[in-house]
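Coordinate-derived values only; no laboratory data. Model, not experiment: these values are computed from the prediction. For neighbour counting, all protein chains shown are included, and Cβ atoms are generated from backbone atoms with ideal geometry for every residue, glycine included.
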Amino acid sequence: MKFKFKIILCIACLVLLAQLIRPEELSTAKAQTAKTLTGVPKEVANVFETSCFDCHSAQTNLRWFDKITPANFLVASHIRDGRKALDFSQWDSLATPQRNAMLYFALNGILSGEMPLSSYTALHPSAKLKEKDIALLKNYFLNNLVSKPGDAVSRVGQPKVKEVKNSPNGVAYLPGYRNWKAISSTDRFDNGTIRIIFGNPIAVKAIHDGKTKPWPDGTVFAKTAWKQEKGKDGNVYAGQFVQVEFMIKDATRYAGTKGWGWARWKGENLLPYGKTVKFDSECISCHRPERNNDYVFTTPLDIKDFKK
Amino acid sequence: MKLIYTGGILPFIILFICGCNSNPSGRINRQASVGNNASLPENPLEMTPMAVSLQAEAKTMSTLYGNSIASKRLNEVANYAPGSVVYLVTWKEKADSEWFGARIPDRVATIERVSIDGKGQKSYTFFKGPAWQEGLLLKGDREAIILSIPIATSP
């Protein structure tokens, strides 16, 4: 009995002593003044504040149990990763298109079931979104955050960029993608672009053979986006080139990035996107809800050879 | 007795074989894929994608495809040369279940073909898709409209 008591006492002492060790960001964190999302109706902003702000803003409202070591280390890592992926504290410094992109990203995280994390809602049940909250968000987005196409601008050809720099992670630009097949197209009313998703011959064969889970090594997708422009006939056409994004499958070479080489070249000068080698963690974070589909969002068309 | 036994077990064997061959993998947008249609001389989806467009009122989206002669226009500012064949495939749009904020092709509404022969003579053919509705499209001079669709250019 005495021995058991000693053990319990030792554990209690260790737990108490452990409280002296705390994650730096939590021990130095200062309570932030509540800030709402400027320009967003209060009831919509409230949903994001309640469900997302603890990990996706500087406005972290820690409960007593979040502060206990070792739980606080888990909380700190959630906040660290959360802010890296999406930080509502940046809201006031962002232009409207970036704000809209942030909101769509947040909503899609919610709709995919990824967010809020179930480990978080288990202890913070108020963060769990109700059906009426999701309906409110969808309704607000469809009525207020639908991008309008610009007016058509007359263009004569498109100068080709002769030398395109590699992506910061070493992925090289593949200039021949325009001769590949279109495995889908997308009307992105969230950001006013229209897209063609090109697939190389290996991708097209994999689709036809039904072998896309996982996609075979050598598969390449090129997702190309243009600004939506409204023609005189009222139809919307592909206007100014916005960007091309590549996903290159090589399970061995790209083992550290979920088997894919990720790259994006932006604008008519094809400038590589990303500041550091690890910029592609951003790509993976966005594609994470599709991990059961080998990180691919596109539901492709089957392109049959009629002669076979 | 033997026959009944064999007949009884046969569906299970067929089911087993089908089960083994079924595609456990990925999602494929089969509805939007162009089937082997006897009236279509070739599969337009096999050609080079040249342009995309949206028709908001009809809630449709189209892709313009071209053969190797027509697709030279991706790099050259010129008219369609003799020998060009282009297809305009138009789908009904549907919400993308993977991304709120996007629409993707649903069923094919129409397929239109314009070809230019060696003498520069143009001809137009219309193929009705399963999602076609009376009066959905096809206003005006379709041949001219299709050939004037702005090419989606890239650097």
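For the protein assembly as shown, what is the percent of antiparallel DSSP beta bridges, rounded to the nearest 5? Just about 95 percent of them are antiparallel. Post the alpha-carbon centroid distance, the stretch A:120-192 to the stretch A:233-275, in whole angstrom. Here the answer is 11 Å between Cα centres. Considering every alpha-carbon pair of the stretch B:21-79, the percent of pairs per 5 Å bin, from zero through the bin containing the longest distance, is 4, 13, 16, 20, 19, 15, 9, 3, 1, 1. Here the stretch A:150-293 is treated as a sphere whose radius is the Kirkwood value from Cα pairs; by Stokes-Einstein at 25 °C and 0.890 mPa s it diffuses with a coefficient of 150 µm²/s. Applying a threshold of 31 Å to the alpha-carbon distances of A:Lys6/A:Lys67; A:Lys84/A:Lys132; A:Lys130/A:Lys213; A:Lys227/B:Lys92; A:Lys213/B:Lys92; A:Lys181/B:Lys59 flags A:Lys130/A:Lys213 as lying beyond it. State, to one decimal in nm, how far the label point of B:Glu76 lies from the label point of A:Glu282, with both points 7 Å from Cα in the Cβ direction. Label-label distance for B:Glu76 and A:Glu282, simple model: 3.9 nm. Between the Cα long axis of helix A:2-18 and the first principal axis of chain A there is an angle of about 50°, rounded to the nearest 10. With a Förster radius of 25 Å applied to the C-beta separation of B:Arg30 and B:Glu57, the computed FRET efficiency comes to 0.40. For the pair A:Ile202 and A:Asn179, label points projected 7 Å from Cα toward Cβ lie 1.8 nm apart. Computed from Cα atoms, the angle from the helix A:96-111 axis to the main principal axis of chain A rounds to 70 degrees. Rounded to the nearest 500, the helix-only mean residue ellipticity at 222 nm of chain A stands at -10000 deg cm²/dmol, with each DSSP H run of n ≥ 4 adding -39,500 (n - 2.57). Computed from Cα atoms alone, the Kirkwood hydrodynamic radius reported for the stretch A:226-308 is 15.5 Å. The C-alpha atoms of chain A define a longest principal axis, and helix A:131-144 lies at about 40 degrees to it. Between the beta carbons of A:Thr38 and A:Phe5, assuming R0 = 45 Å, the FRET efficiency works out to 0.20 to the nearest 0.05. Qualifying trypsin sites (Lys or Arg not before Pro) in the stretch B:27-87, where qualification requires a DSSP coil assignment and no more than 13 other C-beta atoms within 10 Å, comprise B:Arg30. For the stretch A:148-180, backbone nitrogen atoms closer than 20 Å to the point 7 Å from A:Thr252 Cα along Cα-to-C-beta are found at A:170-172. Relative to the 2.2 N^0.38 Å rule of thumb, the protein assembly as shown has a C-alpha radius of gyration ratio of 1.19. Each listed q (0.22, 0.23 Å⁻¹) maps to a log10 I(q)/I(0) for the stretch B:44-147 from the Debye sum over equal C-alpha point scatterers, namely -1.17, -1.24. The simple spin-label model puts a point 7 Å past each Cα toward its Cβ; for A:Lys160 and A:Val146 those points are separated by 4.0 nm.
Using the alpha carbons alone, the radius of gyration of the stretch A:119-216 stands to its Kirkwood radius in an Rg to Rh ratio of 1.11. Which one of A:Thr193, A:Thr96, A:Ser77 has its Cα pushed farthest toward the positive end of the charge dipole of the protein assembly as shown, where Lys and Arg give +1 and Asp and Glu give -1 at the Cβ? The listed residue farthest towards the positive side: A:Ser77.
Taking each residue as 0.36 nm, the span from A:Lys275 to A:Leu74 lengthens on full extension beyond its C-alpha to C-alpha distance by 69.6 nm. Note on the stretch A:21-144: Rg/Rh from Cα positions, Kirkwood definition for Rh, rounded to two decimals, is 0.96.
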